[in-house]
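Step one of this worksheet: look at the structure below.
The values are calculated or read from the model by the stated rules, or taken from the named source; none is laboratory data. Source: prediction; values computed, not measured. Because the Cβ atoms are built from the backbone with ideal geometry, glycine has one as well, and the counts that use them run over all protein chains shown. Note: accessible area is taken over every heavy atom of the protein model, side chains too, but ligands, DNA and RNA are not part of it. Shrake-Rupley method; radii C 1.70, N 1.55, O 1.52, S 1.80 Å.
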Amino acid sequence: MTSGMLIREARLLDGISQGELGDRVGRDRAQIARWERDAVQPSFETLRELLRSCGYDLSLQLARHEPDEREAEQIRKRLRRTPQERTRSMLRTLDR
Amino acid sequence: MAPDTPDRFDPLGLLAAIQRRHVSFILIGALARITQGTDELTNGVDITPWMRPTTLGNLELALADVNARRADGQPLSFDTDEPVIELNTDYGRLKIVPQPAGTRGYEDLRRAATHEYLGKGVRPQIASVGDLVRMAGALYRDYDRDLVIVNQLRHIAELERDLGIGLER
């Protein structure tokens, strides 16, 4: 789920056009379209303002982050190295 | 006056100099996390020394060996309640942190720390993954970066438990 998808979903549920949403929040239609395409991301506060102006709000709670499998494999790969190898690898990267 | 910024980073040389003077310390901070498996870069060494007079005397000798001077240009002294003493040395930056955030200092960290060989004869005591999580979690200076690091450390701790590597408190 992206911020653009949230804005579009809220707007369509409210049954208004991009221009009408723009009027409600004092932005032009093109800016609403950019946000919905995720060409640019609104700030968190602006996102909530956009959703509230459609009669919706975000329901947020913290959830434990679970690394995806690719990240987990990278961590496993680093753990297979010794502390000496990990230090040496970091120093080589710094030297580049 | 030109800023006193080290143009060299030789963490093993710096740690070897401290080790040569028999200073009891725990390696903490980014370099400790890297040795434990996080993916990050650093150009400094952070340590928590044992704050007893004998150790601090030895540390003073080691700091003289590496031409340590305070980054802010003030005279070097351990008789201070500053949480961090930032130094520049001939081997790079060194931070002395008597009581890292979220911990009670050397004796607290020593319980779970392990000696690890890092090369060139250097074998410091390194803070445990669990203690590094505590420290990183307590700091949160740069929220996004620190959150990534904390998550990496937690995942390392979980994998170590799964693989039976090391024991966490």
*Taking B:THR103 as the residue in question, decide whether it is open to solvent by less than 20 Å² (accessible area, probe 1.4 Å) and assigned to a loop (DSSP other than H, G, I, E, B).*
yes
*asked:* Out of B:LEU56, B:LEU76, I need the residue that is more than 24 Å from A:PRO83 (Cα to Cα), crowded, with 16+ Cβ neighbours inside 10 Å and in contact (Cβ under 8 Å) with a residue 12 or more places away in the chain. Which one?
replied: B:LEU56
_Elements of type helices (runs of 4 or more DSSP H) in segment A:17-96, at least 1 residues being within 14 Å of another protein chain (Cβ to nearest Cβ) and surrounded by fewer than 16 Cβ atoms within 10 Å (Cβ to Cβ)_ = A:44-52, A:69-79, A:83-95
*In segment B:2-9, is there at least one residue being of a type in the set (Lys, Arg), farther than 12 Å from B:PRO124 by Cα and more than 14 Å from every other protein chain (Cβ to nearest Cβ)?*
no
*asked:* With the structure loaded, tell me whether A:GLN18 is among the polar types (S, T, N, Q), over 18 Å from the mean Cα position of the chain (by Cα) and closer than 26 Å to B:ALA32 by Cβ or whether it fails that test.
replied: no
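Check B:ASP90, B:ASP81, B:ASP65, B:ASP39 and return the single one that is surrounded by fewer than 21 Cβ atoms within 10 Å (Cβ to Cβ), of a type outside the set (Ser, Thr, Tyr) and within 14 Å of chain A (Cβ to nearest Cβ). Full working, then the answer.
On the way: B:ASP90 fails: within 14 Å of chain A (Cβ to nearest Cβ); B:ASP81 fails: within 14 Å of chain A (Cβ to nearest Cβ); B:ASP65 fails: within 14 Å of chain A (Cβ to nearest Cβ).
None of the other options fit; the residue is B:ASP39.
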*May I ask you to say which residue of B:GLY137, B:GLY121, B:GLY130 is open to solvent by less than 50 Å² (accessible area, probe 1.4 Å) and more than 30 Å from A:GLU69 (Cβ to Cβ)?*
B:GLY121
*Out of all the residues in segment A:18-42, which are within 12 Å of A:ILE7 (Cα to Cα) and touching a residue at least 12 places away in the same chain (Cβ under 8 Å)?*
A:GLN18, A:LEU21, A:ILE32, A:ALA33, A:TRP35, A:GLU36, A:ARG37, A:ASP38, A:GLN41, A:PRO42
*Can you name the number of the only condition in (1) closer than 30 Å to B:GLY137 by Cβ; (2) open to solvent by 100 Å² or more (accessible area, probe 1.4 Å) that A:SER3 fails?*
(2)
